[in-house]
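The values are calculated or read from the model by the stated rules, or taken from the named source; none is laboratory data. This one's a predicted model, so the numbers in the text were calculated from it and none came from an experiment. Counting neighbours? That spans all protein chains shown, and the Cβs are built from the backbone with ideal geometry, glycine included. Note: accessible area is taken over every heavy atom of the protein model, side chains too, but ligands, DNA and RNA are not part of it. Shrake-Rupley method; radii C 1.70, N 1.55, O 1.52, S 1.80 Å.
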Amino acid sequence: MSNITYKQATQELEAILKAIENDDVDVDELTQKVQRSSELIKLCKQKLRTAEDAINQVFNDINCEDPKAE
C-alpha cells in the first residue's frame, strides 16, 4: 500500500464515500470499506507530513544559505 500515491488514495476515498452515500455498500461490505478508508486516511496524513517536513527543510536550507534574507 505504501506505493499508492496521494492522488490515488484520495480518489479511492471519494469512491468509497460515494458508494456509501448511494447505499451501494451492503452491511457486509461496510466494515471492509471503513477499514480501508482508515488505512487510506493514515497514508494521506503520512504523505502530507512528509511533504511538510521536506518543504520546511527547503526553507531552513534557504535561510541558512542567505543570512541577509531575514
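Would you mention how many residues in the range 37-48 are open to solvent by 90 Å² or more (accessible area, probe 1.4 Å) and among the aliphatic types (A, V, I, L, M)?
1
Filter the range 1-11 down to the residues that are assigned to a helix (DSSP H, G or I) and open to solvent by 60 Å² or more (accessible area, probe 1.4 Å), then identify the one that is farthest from GLN46 (Cα to Cα).
The extreme case among them is GLN11.
Given the conditions (1) among the aliphatic types (A, V, I, L, M); (2) surrounded by 13 or more Cβ atoms within 10 Å (Cβ to Cβ); (3) part of a helix (DSSP H, G or I), and given that ILE55 satisfies all but one, which numbered condition is not satisfied?
Here ILE55 meets the rest and fails (2).
Table: residues versus (1) among the charged types (D, E, K, R); (2) open to solvent by 90 Å² or more (accessible area, probe 1.4 Å); (3) touching a residue at least 24 places away in the same chain (Cβ under 8 Å).
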residue	(1), (2), (3)
ASP23	yes, yes, no
GLN35	no, yes, no
THR50	no, no, no
GLU65	yes, yes, no
